[in-house]
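J.: This is the structure I want to talk about, given as structure tokens.
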Amino acid sequence: MIVKQKQRVAFIGNYLPRRCGLATFTTDLCESFAAEYPDMDVFAIPMNDVDEGYAYPPRVRFEVNERELASYRHAAEFLNINNVDIVCLQHEFGIFGGVGGSHILKLLSDLRMPIVTTLHTVLDKPSSSQRRVMDELIELSDRMVVMTERSRDFLRKVYKVPSEKISLIYHGIPDVSFVDPNFYKDKFGVDSRLVMLTFGLLSPNKGIEYAIEALPKIIEKYPDLVYIILGATHPHLKQEEGETYRLSLQRLVKARNVQSNVIFHNRFVSLEELVEFIGCADLYVTPYLEKRQIVSGTLAYSVGAGKAVISTPYWHAEELLADGRGRIVPFKDSGAIAAQVIDLLENESERHMMRKRSYELGRQMIWPTVVKKYASAFERAHAESFKKQRHLPGVLLLNLEADELPAVNLDHLVRMTDDTGILQHCRFSVPFYDEGYTLDDTARALLLTVLLDELGVGKSHQVRNLQSRYLAFVCHAWNQEKGRFRNFMGYDRTWLEDVGSDDSHARALWALGVVVGRSRYSSLRNCASLLFEQALPGCMDFNSTRSFAFSLLGIMEFMRRFYGHRPAQDTRMVLAGKLLKMYQENSSDEWQWYEDFLTYANAALPHALFLCGQWIGEGEMVEAGLKSLEWLVEIQKAGGNHFVPVGCHGFYWKGKKRARFDQQPIEASTTVSACLEAYRMTGEERWYEEAQRAFEWFLGRNDLRIPLYNVSTGGCFDGLESDRSNQNQGAESTLAFLMALAEMRLSEHVIREPDTSAEAEIPARLSELE
């Protein structure tokens, strides 16, 4: 069984304690997403503008030096290695290195997972370098997130982005109560006074001097009004010019003789304290000087908290303050600011209606609502990403036009096998001891070694030793007292259960049957035969269709040598009868199957039924088996071109939408086996073509056009996800590929026909002594 890891989401952008609006946004988004989806593994990758970095919280797992291109490449490698499911990039031109912030493109172009990009700036007239970066950013991203309608319009009209690729999600805000400003005023020593507030990192484009210039007129009417200017100077501005801008504002305050009406809070406050500052404000003012500001976090916070806002007409303000949610004043017009402040203070009912309208809009902007919309965007990106071609770095995409099959490489099989058996899982190509061993995988490995011996590949003594080792594990798994096989064993060689699953018992029978029917080593055949006879009665208690099928395949392999074995004949008839009855009771013209659902190893069911029917001369079984296999292969094609197995995330229930991912190697392997058997039985070329189609899924003829077989290790990746392959190369997946390859190679040399004559019971090649 392939184990799916916890879903992982990585957010790229600046992060607190770095002091900037983008760091606050990324931190809030990341933390809110983690809180809303605690079952996910959520982490951040920030950009560093200083070599020493910052004292980041544990949520940050990798840091990027914004000026070093190699740092971006290493971040991509980190994300790929950790099998991240989605990357959410926070894009602002100024935080990435390279011309026009082009360094980030190196990181994105190396990623294998879907990318959702949030645009914090969308320029209507970008420079040539900015346009090149934007065009490539759009191409690399599976979805684009914008925070305003104007941003969406620019993407469509200026950058020609299809509407269906864009998600409009408001700037997130904290969820605060609609409170009277007087509730918080005593905290800041302004109780009983009217409060006008501006907050955010200070820089000359904020236009705060025009709000100060407006104060003398306002104070004539409302002498107790106080203007709070909250925020530290922007770090980059402070590094270049020091506190020049703040000092100029302080001089202006003195020049206008409004010192008792202005309070500077020169600091970067926590979210909790910021909420209290906003809460105490009667009016919020954003006198920005630049029209092209398309997103303002401070404005979003204030509107969402239900503040009466006065703003200059920059793009975000025009949109957010529409429909009576605020007042717009011209740029650089202190007189207009003063007039609107006085008017709103005089018209209390209008001010409170403005607050209410703003607060109601803010309910769509609170973080829990916003992160759910991001989750929806992530799901859409996953669903659409498989349409894009992403090649795995370092893995060869085989030439699918060539007739030549890959060479058999047993390196990874040997790497995963120790003195006990074959280890169940890997981390990448490294055996993972913690998960120990399973009978399921060891039985598959035992079956494979018999096929490899028939092919004559590998070193004969190596294959012989592996076959013996795997058979010893199967024997050790037998619990004589219970009359059943155990399945799971810890790395310390301790069995973790007394009785394993029906499937594991059936797989063991299948492998034992193959050893008895095909192995050329008499001692192994004798050992397997004795155990097979002891384990055979357990089949009669099975309830699973796949257990019926695996057992039948093993019984018929056993009967290659011992056709006259009466218990095997009787068991075969019972299990085949059950399988046929299930098909008859559940199949229809639209649903030609044995159950109301398709899950795993699906092709084994028709394979067992038509093979059994052929051996015992039951035409109804043959017809049902071939018909159901034909239906299965038809529904597992993409436009009739490549193999698309039923995904394990939801499988396929009758009348419901089938799961497309994750696609598992075992599905391709069992389909290869069943179709080759149908080809041998009927001689119809179409069945060989279907086997080849399923086999080529391993080599890159699949939804993502990437290979699952890793030629450098000899292993097979653990599945095809919606945007990449699972990079772990466990036992089930590697054995699935090797068995499919062995069967494809065997089909080049011989088409087997069942022969029940006494003379054919033991083929000549099997009668050789060791």
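J.: Among the residues of region 398-412, is there at least one that is closer than 30 Å to Glu497 by Cα, modelled with pLDDT of 95 or more, touching a strand residue (DSSP E or B) at 6+ places or on another chain (Cβ under 6 Å) and buried (at least 17 other Cβ atoms within 10 Å of the Cβ)?
T.: Checking region 398-412: at least one residue is closer than 30 Å to Glu497 by Cα, modelled with pLDDT of 95 or more, touching a strand residue (DSSP E or B) at 6+ places or on another chain (Cβ under 6 Å) and buried (at least 17 other Cβ atoms within 10 Å of the Cβ).
For (1) at pLDDT 95 or above; (2) out of contact with any strand residue (DSSP E or B) (no Cβ under 8 Å at 6 or more places or on another chain); (3) not basic (Lys, Arg), each residue gets a yes or a no:
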{"residue": "Cys675", "(1), (2), (3)": "yes, yes, yes"}
{"residue": "Gly683", "(1), (2), (3)": "no, yes, yes"}
{"residue": "Gly700", "(1), (2), (3)": "no, yes, yes"}
{"residue": "Leu704", "(1), (2), (3)": "no, no, yes"}
{"residue": "Ser722", "(1), (2), (3)": "no, yes, yes"}
{"residue": "Asn728", "(1), (2), (3)": "no, no, yes"}
{"residue": "Thr734", "(1), (2), (3)": "yes, no, yes"}
{"residue": "Glu743", "(1), (2), (3)": "yes, yes, yes"}
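J.: What are the residues in region 625-649 that are surrounded by 15 or more Cβ atoms within 10 Å (Cβ to Cβ) and part of a loop (DSSP other than H, G, I, E, B), if any?
T.: Within region 625-649, Gln636, Val644, Pro645, Val646, Gly647, Cys648 qualify.
J.: Out of all the residues in region 63-93, which are of a type in the set (Phe, Trp, Tyr) and over 18 Å from Gln7 (Cα atoms)? Explain how you work it out, then say what you get.
T.: So in region 63-93, the residues of a type in the set (Phe, Trp, Tyr) come out as 72, 78, 93.
Result: Tyr72, Phe93.
J.: For region 243-261, name all the residues that are of a type in the set (Lys, Arg) and either in a helix (DSSP H, G or I) or at pLDDT below 95 (or both).
T.: Step one: list which residues in region 243-261 are of a type in the set (Lys, Arg), which gives 246, 251, 254, 256.
Answer for region 243-261, where residues must be of a type in the set (Lys, Arg) and either in a helix (DSSP H, G or I) or at pLDDT below 95 (or both): Arg246, Arg251, Lys254.
J.: Condition (residue is more than 24 Å from Met353 (Cβ to Cβ) and either open to solvent by less than 40 Å² (accessible area, probe 1.4 Å) or in contact (Cβ under 8 Å) with a residue 60 or more places away in the chain (or both)) applied to region 297-312: is it met by at least one residue?
T.: Residues of region 297-312 that are more than 24 Å from Met353 (Cβ to Cβ), as a first pass: 297.
Checking which are either open to solvent by less than 40 Å² (accessible area, probe 1.4 Å) or in contact (Cβ under 8 Å) with a residue 60 or more places away in the chain (or both) leaves us with 297.
Yes, there is a match, as at least one residue in region 297-312 is more than 24 Å from Met353 (Cβ to Cβ) and either open to solvent by less than 40 Å² (accessible area, probe 1.4 Å) or in contact (Cβ under 8 Å) with a residue 60 or more places away in the chain (or both).
J.: A further question on this structure: Can you find even one residue in region 568-577 that is more than 23 Å from Gln534 (Cβ to Cβ) and either surrounded by 14 or more Cβ atoms within 10 Å (Cβ to Cβ) or not aromatic (Phe, Trp, Tyr) (or both)? Lay out the reasoning, then the answer.
T.: Step one: filter region 568-577 for residues more than 23 Å from Gln534 (Cβ to Cβ), giving 577.
From what's left, either surrounded by 14 or more Cβ atoms within 10 Å (Cβ to Cβ) or not aromatic (Phe, Trp, Tyr) (or both): 577.
Looking for residues that are more than 23 Å from Gln534 (Cβ to Cβ) and either surrounded by 14 or more Cβ atoms within 10 Å (Cβ to Cβ) or not aromatic (Phe, Trp, Tyr) (or both), one finds at least one in region 568-577, hence yes.
J.: How many residues, within region 1-27, are at pLDDT below 95 and either acidic (Asp, Glu) or within 16 Å of the chain's Cα centre (by Cα) (or both)?
T.: Of the residues in region 1-27, 7 are at pLDDT below 95 and either acidic (Asp, Glu) or within 16 Å of the chain's Cα centre (by Cα) (or both).
J.: Is region 54-64 home to any residue that is of a type in the set (Asp, Glu) and in contact (Cβ under 8 Å) with a residue 24 or more places away in the chain? Break it down into steps so the answer makes sense when it comes.
T.: The initial filter retains those residues of region 54-64 that are of a type in the set (Asp, Glu), namely 63.
Narrowing the set further to residues that are in contact (Cβ under 8 Å) with a residue 24 or more places away in the chain leaves none.
Looking through region 54-64, none of the residues is of a type in the set (Asp, Glu) and in contact (Cβ under 8 Å) with a residue 24 or more places away in the chain.
J.: Exactly one condition in (1) open to solvent by 10 Å² or more (accessible area, probe 1.4 Å); (2) among the hydrophobic types (A, V, I, L, M, F, W, C); (3) under 23 Å from His412 (Cβ atoms) is false for Phe661; which is it?
T.: Result: Phe661 passes all but (3).
J.: Among residues belonging to region 251-287 that are out of contact with any Leu (no Cβ under 9 Å at 6 or more places or on another chain) and more than 20 Å from Gly189 (Cα to Cα), point out the one that is surrounded by the most Cβ atoms within 10 Å (Cβ to Cβ).
T.: By that ranking, first place goes to Pro287.
J.: I'm checking my understanding of the structure. Among residues of region 612-624 that are at pLDDT 95 or above and among the charged types (D, E, K, R), which one is least open to solvent (accessible area, probe 1.4 Å)?
T.: Glu620
J.: Tell me, which residue of region 506-541 that is crowded, with 20+ Cβ neighbours inside 10 Å and not in a helix (DSSP H, G or I) is farthest from the chain's Cα centre (by Cα)?
T.: Restricting to residues being crowded, with 20+ Cβ neighbours inside 10 Å and not in a helix (DSSP H, G or I), the top hit is Tyr521.
J.: Among the residues of region 696-750, count how many are part of a helix (DSSP H, G or I) and either farther than 21 Å from Arg680 by Cβ or open to solvent by less than 10 Å² (accessible area, probe 1.4 Å) (or both).
T.: Within region 696-750, the first condition is being part of a helix (DSSP H, G or I), and the residues that meet it are 696-699, 731-747.
If we keep only those that are either farther than 21 Å from Arg680 by Cβ or open to solvent by less than 10 Å² (accessible area, probe 1.4 Å) (or both) as well, we get 697-699, 731-738, 740-742, 744.
Total satisfying the criteria: 15.
J.: Only one residue in Arg267, Arg251, Arg246 is free of Cβ contacts under 8 Å to residues at least 12 places away in the same chain and of a type in the set (Lys, Arg), so which one is that? Step through it out loud before you land on a result.
T.: Working: Arg267 fails: free of Cβ contacts under 8 Å to residues at least 12 places away in the same chain; Arg246 fails: free of Cβ contacts under 8 Å to residues at least 12 places away in the same chain.
From the options Arg267, Arg251, Arg246, the qualifying one is Arg251.
J.: Still on this model: Quick one: Arg572 ticks every box in (1) among the basic types (Lys, Arg); (2) within 19 Å of Asp703 (Cα to Cα); (3) assigned to a helix (DSSP H, G or I) except a single one, so which number is it?
T.: (2)
J.: Of everything in region 262-275, what is of a type outside the set (D, E, K, R) and not in a loop (DSSP other than H, G, I, E, B)? Give them in sequence order. Outline the logic, then answer.
T.: Going residue by residue through region 262-275, those that are of a type outside the set (D, E, K, R) are 262-266, 268-271, 274-275.
Within region 262-275, Val262, Ile263, Phe264, His265, Leu271, Leu274, Val275 qualify.
J.: Scan region 151-166 residue by residue and report those that are touching a Leu at 6+ places or on another chain (Cβ under 7 Å) and either assigned to a loop (DSSP other than H, G, I, E, B) or loosely packed, with under 14 Cβ neighbours inside 10 Å (or both). It would help to see each step written out before you state the result.
T.: Step one: of region 151-166, the residues touching a Leu at 6+ places or on another chain (Cβ under 7 Å) are 151-152, 161, 166.
Val161, the sole residue that qualifies.
J.: Looking at region 580-609, which of its residues are assigned to a helix (DSSP H, G or I) and surrounded by 22 or more Cβ atoms within 10 Å (Cβ to Cβ)?
T.: In the first step, residues of region 580-609 are kept if they are assigned to a helix (DSSP H, G or I); the result is 580-586, 604-609.
Hits for region 580-609 are Tyr583, Ala604, Leu605, Pro606, His607, Ala608, Leu609.
J.: Kindly evaluate Glu36 against the criterion of being at pLDDT 95 or above, open to solvent by 10 Å² or more (accessible area, probe 1.4 Å), closer than 30 Å to Lys238 by Cα and touching a Lys or Arg at 6+ places or on another chain (Cβ under 9 Å).
T.: No, not satisfied.
J.: Sticking with this one: Applying the selection to region 664-690, what residues are crowded, with 24+ Cβ neighbours inside 10 Å and free of Cβ contacts under 8 Å to residues at least 60 places away in the same chain?
T.: Selection gives Glu690 alone.
J.: Can you name the residue in region 183-208 that is of a type outside the set (Lys, Arg) and free of Cβ contacts under 8 Å to residues at least 60 places away in the same chain and, of all such residues, is farthest from Thr27 (Cα to Cα)? If you could, list the steps in order and put the result at the bottom.
T.: Going through region 183-208, the residues of a type outside the set (Lys, Arg) turn out to be 183-184, 186, 188-192, 194-205, 207-208.
Keeping just the survivors that are free of Cβ contacts under 8 Å to residues at least 60 places away in the same chain gives 186, 189, 191-192, 202-203.
Values: Asp186: 30, Gly189: 30, Asp191: 32, Ser192: 35, Leu202: 20, Ser203: 22 Å.
Only one residue fits best here, namely Ser192.
J.: Might you let me know whether region 682-690 holds any residue that is part of a loop (DSSP other than H, G, I, E, B), over 26 Å from Asp440 (Cβ atoms) and not small (Gly, Ala, Ser)?
T.: Our first condition is that a residue be part of a loop (DSSP other than H, G, I, E, B); within region 682-690, this holds for 683-684.
Filter again for over 26 Å from Asp440 (Cβ atoms), leaving 683-684.
Narrowing the set further to residues that are not small (Gly, Ala, Ser) leaves 684.
Among the residues of region 682-690, at least one is part of a loop (DSSP other than H, G, I, E, B), over 26 Å from Asp440 (Cβ atoms) and not small (Gly, Ala, Ser), which makes the answer yes.
The values are calculated or read from the model by the stated rules, or taken from the named source; none is laboratory data. All values reported here derive from a predicted model rather than from experimental measurement. As a convention, Cβ positions derive from the backbone with ideal geometry for all residues, glycine included, and neighbour counts pool all protein chains shown. Calculation scope for accessible area: heavy atoms of the full protein, side chains included, ligands and nucleic acids excluded. Shrake-Rupley method; radii C 1.70, N 1.55, O 1.52, S 1.80 Å.
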